[in-house]
Amino acid sequence: MMHKFPVGASVYFESGIASGAARGLYKIMRHLPVERDDRRMYRIKSAAETFERTAEESQLARES
């Protein structure tokens, strides 16, 4: 199965409750291989941060 969001897309990241990650607008930097349990993973980056994060597709939504 394919990734839902293309590289370069702007998405809204909703971090988990236990995570200290900042919610907000991020850019998809690249797709990661699909996990064995069929989870789709991404590398994302915020303009406000100097590093990339890893996020599951379930944590992302299209920019509204």
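Here, each number is a calculation from the coordinates, and none is a lab measurement. These numbers were taken from a predicted model, which means no experiment stands behind them. Cβ atoms come from the backbone with ideal geometry, glycine included; neighbour counts cover every protein chain shown.
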#### Entry: Local electrostatic count at Gly8 - Lys and Arg +1, Asp and Glu -1, tallied over other residues with Cβ under 15 Å
+4
### Query
Simple spin-label model, 7 Å along Cα-to-Cβ: Glu35 to Ala48 in nm?
2.6
## Note on the structure
Label model pair Ser58, Ser15: point-to-point distance (7 angstrom along the Cα→beta-carbon line) in nm is 1.9
### Message
Through the Karplus equation 6.51 cos²θ - 1.76 cosθ + 1.60, θ set to phi - 60°, convert the phi angles of the range 6-12 into ³J(HN,Hα) values in whole Hz; use x for Gly and Pro.
### Response
x, 4, x, 6, 8, 9, 9
### Summary
The Rg/Rh figure for the chain, Cα atoms and Kirkwood Rh, to two decimals is 0.93
### Message
Explain nothing, just compute: Karplus ³J(HN,Hα) = 6.51 cos²θ - 1.76 cosθ + 1.60, θ = phi - 60°, for every residue of the range 43-56 in order, whole Hz, x for Gly and Pro.
### Response
9, 10, 8, 9, 5, 8, 10, 9, 10, 9, 10, 9, 9, 7
### Query
Near the amide H of Ala9, under 5 Å away, which other amide H atoms are found, from residues 5 or more places off or on another chain, if H is placed in the peptide plane?
Ile28
### Task
Calculate, in nm to one decimal, what Val7 and Leu25 gain on full extension: separation in residues at 0.36 nm each, minus their alpha carbon distance.
5.0 nm
### Query
Hey, got the dipole for the chain? About the Cα centre, +1 on K and R Cβ, -1 on D and E Cβ, debye to the nearest 20?
160
